[in-house]
Amino acid sequence: MRTFFLLIFILLQGCSILFSQDIDYARKTINILAAPEMHGRGYVNKGDSLASAFLASEMQQIGLKSFKNSFFQPFNLSVNTLPGNLSLKADGKTLSPCDDYIVYTPSAAIKGTYPVVHISAKTSLKKINKLMKKGLTGKALLIDQRKHDEKTKEIFENARFYNLFKSEANLFLVNKKNPLSWGVYGSHLLLDFASIEIRDSALKKIPKKIELDIESRYFKQYATRNVVGYIEGSQYPDSFFVFTAHYDHLGRMGRDNLFPGAHDNASGTAMLLDLATYYINNRPPYSVAFIATAAEEAGLLGARHYVENPLFPLSNIKFLINLDMVSTGEEGMMVVNGEVFTKQYETLCSINTTGNYLPAIKSRGEAANSDHYPFYVKGVPCFYFYTLGGYSQYHNIYDIEKTLPMTAYNNMFRLVVRFVEQLSKNTD
Ligand SMILES: [Zn+2]
């Protein structure tokens, strides 16, 4: 009897070791990736290189194999960065970066004080055209974007990336309740003016002059890299299941402003490594590859590079799961491509119903919103999973490890493992 209970105990322990190392390891991994030392895994201070070096060493320690004797798959991108001074004063009042304003990454460096010309939806099209024609050399343009009509909408939006007014800086007044979201999309460009978004609550009135000091540095050929490892299947080594998660984030906006990207996407990267550990301890019949992609935020560049230079034939991929923002889950998760690969989606839902893992599994159609997409375009069957509810920090300085709820982490992990197990049975 005693032996029996002991056996049960060992079995249960075995189960929990099988699955529950995860959340501590995941938190630790997220903590490391989102720490200031990783510089937001962007291009200021080579944050991306530091993060990818860490990931390769983790993959090695976990026991993954590499293709072509290296976990790294290098490639270059063109990128503008804001590595140094960053300040904005409106009529002498210093505004707080990230909270009060963000500087679009393709912005030119700028230093000086500029008189402000203000336009809004109330400004007549005639006057706007006149200003464009005359040009605003030596001046800053403040565009009130809180309201616009059909006629001004296009002009106002284009002014973010095109110097329609030949001004030194274009500032866009917006009304946003949540913290402003930054991004590095479009950072392959280098504008000849500064382009800045200002939250209206930061200004008491329209300022007469703006003082700017923004340093920027453009890299035509910046070297970054994907990190790729795999486990060889015991029965079908040429058949692959693939997990992808982008490890890059936005980096730094100016010397002192860090975008940690704990949820986006240190969390998915942590789950990727966690899954690697699981499969090392539970060798699957099929091969499993783990691709930590670079430069997702700059336009899915790591995934795009990978599909043009695959390390094994893309047609050997049975299914791919992309993990991007997986540390919440109060409201379950979303399956991008759920409406495309309906059989696999049904399989996923039925596993979830049986195991009672997540409160809801929602589905949507195709979307070019993360790294599964370049694979999808090449004909690789794939899902992109992100968790829902419980957290609203997105592309801002508050996306930190401490506040991550990790509500569904363990259950989602189990669901993913069971799902792949089921798919492998279906495809054997
Ligand atoms: Zn992301």
| Neighbour-limited loop hits for trypsin sites (Lys or Arg not before Pro), segment 143-174 (at most 15 other Cβ within 10 Å; DSSP other than H, G, I, E, B) | Arg146, Lys147
| query | What is the gain in length, in nm to one decimal, between Lys177 and Lys147 on full extension, counting 0.36 nm per residue of separation less the C-alpha to C-alpha distance? | reply | 9.2 nm
| said: Run the reach check for Lys208 against aspartates and glutamates, Cα to Cα strictly under 12 Å, same-chain hits fewer than 8 apart removed. What comes back? | reply: Asp91
| request: Could you list, in their original order, any pairs among Lys28/Lys220; Lys111/Lys153; Lys89/Lys130; Lys46/Lys209 whose Cα atoms are separated by more than 31 Å? | output: Lys28/Lys220; Lys46/Lys209
| field | Burial order of peptide ranges 229-239, 350-360, 95-105 (average beta-carbon count within 10 Å, highest first) | value | 95-105, 229-239, 350-360
| task | Kindly write out, for segment 245-259 in residue order, the coupling ³J(HN,Hα) from the Karplus curve 6.51 cos²θ - 1.76 cosθ + 1.60 (θ = phi - 60°), rounded to whole Hz, with x marking Gly and Pro. | result | 7, 7, 9, 6, 9, 8, x, 10, 10, x, 4, 9, 10, 9, 9
| Within the chain, what percent of beta bridges assigned by DSSP are antiparallel, to the nearest 5? | 50
| task | May I have the extent of the alpha carbons of segment 330-391 along their three principal axes, as whole Å values ordered from largest to smallest? | result | 34, 28, 13
| field | Label point at Leu314 placed 7 Å out along Cα→Cβ; residues across segment 359-389 whose backbone nitrogen lies under 18 Å | value | 366-384
| said: When the expected Rg is taken as 2.2 N^0.38 Å, what fraction or multiple of it is the alpha-carbon Rg of the chain? | reply: 1.10
| request: Determine the share of the chain's accessible area contributed by carbon and sulfur atoms, expressed in whole percent, with a 1.4 angstrom probe. | output: 52
| message | Principal axis extents for segment 86-214, Cα atoms only, whole Å, descending order, please. | response | 35, 29, 29
| query | In straight Cα distance, which lysines are under 18 Å from Lys425, not counting same-chain residues fewer than 8 positions off? | reply | Lys318, Lys343
| In the chain, which helices (entire DSSP H runs) extend 15 Å or more along their own long axis, judged by Cα positions, while averaging at least 0.0 on the Kyte-Doolittle scale? | 2-20, 47-62, 267-281
| note | With the 1.4 Å probe rolled over protein heavy atoms, segment 175-325 has an accessible area per residue in Å² of 36
| task | Give the cross-link partners of Lys166 among the aspartates and glutamates, using a straight C-alpha distance below 14 Å as the criterion and excluding same-chain residues fewer than 8 apart. | result | Asp192
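The values are calculated or read from the model by the stated rules, or taken from the named source; none is laboratory data. Computed from a prediction, not measured in an experiment: that's the story for all the values here. Methodologically, a virtual Cβ is constructed for each residue, glycine included, from the backbone with ideal geometry; neighbour enumeration extends over all protein chains shown. Side chains are part of the model used for accessible areas, which takes the heavy atoms of the whole protein and leaves out ligands, DNA and RNA. Shrake-Rupley method; radii C 1.70, N 1.55, O 1.52, S 1.80 Å.
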